Amino acid sequence: MRKIVKRFFISLLITGITVLAGSPANTAKAAPRNPQLQKPKNIIYMIGDGMGIGQLEIGRLFEYGKEGTLFMQTLPHAGLARTYSANNFVTDSAAGATALATGRKTNNGMIGVTPDGKEVPSILDLFKKDGKKTGVISTSLVTDATPAGFTASVTNRWSGQPEIARQQLKNQVDVILGGGGDFFEPKNQNGLDLVNQYRKNGYSYVTDRNQLASVKGGKVLGLFNSSYMTYMQDREEAGSKEPTLNEMAQKGIETLSAGNKGFFVMIEGARIDHAAHSSDIPGIWRELIEFDEAVKYAVNWAEKRGDTLVVVTADHETMGVSAAEPINIEAYKRIKVSPEFMASKLIFDPNTGEFTAESVKSAFYHYAGLMITDKEVSDFNLRIKANKGQMYASKHAAWEIGSIIAQHMNAGINSSRIRALSSTGGHTANMVPIFAFGPGSERFDGVFNNIEIPKRMGQLLGYQF
Ligand SMILES: [Zn+2]
């Protein structure tokens with residue numbers, strides 16, 4: 001009985017939104033072409049990093065209005081996942097990725113290993129073992145937690161990044177697209193030119209969207225930024241030549257599906273999480289919509305074939321984002337750059353060890369239309385000093401800028417104080433959504449633990465972890 005009620009509630013939730021709202025162009029067909037076919041040949045696993053229900057609501061509300069709907073919300077099957085890690089009720093992205101990739105809970109900070117440091121295979125490894133092609137695509141560093149969870153095993157996500165870059169070559173991952181070029185450089189590889197090693201192993205190496213577009217199959221390493229790929233918000237200001245997540249997804253799927261062996265690809269909208277850490281509501285909106293566009297491409301591609309399972313989920317929620325009622329949507333929509341971009345415009349005075357009041361006030365006024373007080377400026381500087389030495393120290397100016405804006409705009413999001421006290425920089429244990437399409441997608445209905453997702457994928461293919 002409870003199960004029926006729960007199912008009913010979830011389907012009501014999803015179809016309700018669709019029926020009430022749907023813009024017709026934004027809707028997936030309910031059934032795969034061949035409903036008999038339960039064993040998918042390919043899996044496209046899409047992860048919105050930090051994408052909780054609140055992030056979905058912000059994206060939906062800002063982009064389509066209260067009656068609109070996201071594309072991913074139109075998929076025929078849906079569920080919710082719990083995300084806790086082995087050693088905390090709140091996961092970080094490393095343990096989150098490990099759960100989603102290997103079906104094992106591990107400690108925060110660990111990738112592709114159990115809490116005792118034992119290496120475990122990922123769903124990507126199982127596809128590889130079966131002779132299929134594999135890929136990881138992310139707007140983060142390709143060596144960051146989520147892509148690493150599928151392609152590498154290290155006990156420390158931070159110090160392990162150069163090693164992850166080497167393991168991705170050793171594991172012959174066919175398509176690797178994203179940011180993080182720095183970790184492939186000789187300076188981070190004990191003098192080794194890792195990119196050259198990739199080339200010698202038959203990879204095309206590309207660094208901008210035009211080069212990516214001209215790739216004609218084979219193995220590809222695309223590193224489009226030395227660090228994270230630029231926020232969608234900042235791409236124009238930065239004169240970016242990076243491909244969008246959607247463009248990377250298109251090229252990745254096109255490349256991996258050639259040759260007809262079948263493939264597995266993980267596609268991550270990584271910067272939803274980063275924007276949420278920065279309390280950057282417009283950033284969450286833009287990154288979420290970019291991710292939703294990639295989902296739309298993947299599902300439309302899969303729909304034409306009938307042999308591809310698409311599963312969309314998140315590794316955890318970030319910052320307790322909610323679509324709170326007093327939020328000033330119109331003022332938020334006028335902000336055209338990220339807090340990180342604003343932080344890059346501040347002037348640091350080494351004599352006082354603080355950002356100058358003038359530069360702080362002018363950044364808030366110029367980019368967010370806000371007049372902030374002297375008290376707010378001095379609190380801002382104090383909080384940055386107090387947070388020194390904690391994780392993501394370099395990001396703190398941006399995070400504090402986002403928090404001040406969020407207060408002025410009445411956004412529903414955790415405070416800067418909660419974030420400072422959190423070991424994950426503001427992640428929460430809130431459940432995350434699952435949406436699924438294609439053969440086997442009915443296996444993803446309901447409320448369950450995130451480690452079930454790769455296990456169920458493996459079962460569909462007859463793979464043993
Ligand atoms: Zn995060």
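Only the coordinates and a few stated rules stand behind these numbers; no lab work does. This one's a predicted model, so the numbers in the text were calculated from it and none came from an experiment. Counting neighbours? That spans all protein chains shown, and the Cβs are built from the backbone with ideal geometry, glycine included.
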Local net charge near K241, Cβ-Cβ under 14 Å (Lys/Arg +1, Asp/Glu -1): -4
Can you list the lysines whose alpha carbon is less than 21 Å from that of K375, not counting same-chain residues fewer than 8 positions off? K345, K361, K385, K388
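What's the FRET efficiency of E330 with K200 using the Cβ-Cβ distance as r and R₀ = 60 Å, to the nearest 0.05? Write down the numbers at each step before the final one.
Working: r = 54 Å, r/R0 = 0.90.
The pair E330/K200 has a calculated efficiency of 0.65.
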Helix-only [θ] at 222 nm, the chain, -39500 (n - 2.57) per DSSP H run of 4+, per residue, nearest 500, equals -12000 deg cm²/dmol
Cα to Cα, under 15 Å, and not fewer than 8 places away if on the same chain: which aspartates and glutamates meet these conditions relative to K66? E57, E325, E330
Given axes a ≥ b ≥ c from the Cα gyration tensor, I'd like to know whether the range 176-223 is rounded (a/c under 1.5), prolate (a/b larger than b/c) or oblate. oblate
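How charged is the neighbourhood of T98? Take every other residue with its Cβ under 9 Å from the Cβ of T98, and add Lys/Arg as +1 and Asp/Glu as -1.
Value of the local net charge: +2.
Show me the trypsin sites (Lys or Arg not before Pro) within the range 64-140 that DSSP assigns to loop and that have at most 13 other Cβ atoms within 10 Å of their Cβ. Intermediate values should be presented prior to the final figure.
Working: sites: K66, R82, R104, K105, K118, K128, K129, K132, K133; in loops: K66, R104, K105, K118, K132.
Of the trypsin sites (Lys or Arg not before Pro), the ones in loops of the range 64-140 whose Cβ has at most 13 other Cβ atoms within 10 Å are K66, K118.
Can you tell me what share of the DSSP beta bridges in the chain is antiparallel? A percent to the nearest 5 is fine. Intermediate values should be presented prior to the final figure.
Numbers: 15 of 49 bridges.
Around 30 percent of the beta bridges assigned by DSSP in the chain are antiparallel ones.
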Net dipole in debye of the chain [+1 Lys, Arg Cβ; -1 Asp, Glu Cβ; about Cα centre; nearest 20]: 1600 debye
So, relative contact order of the chain in percent, Cα under 8 Å, 6 or more apart, is 26 percent
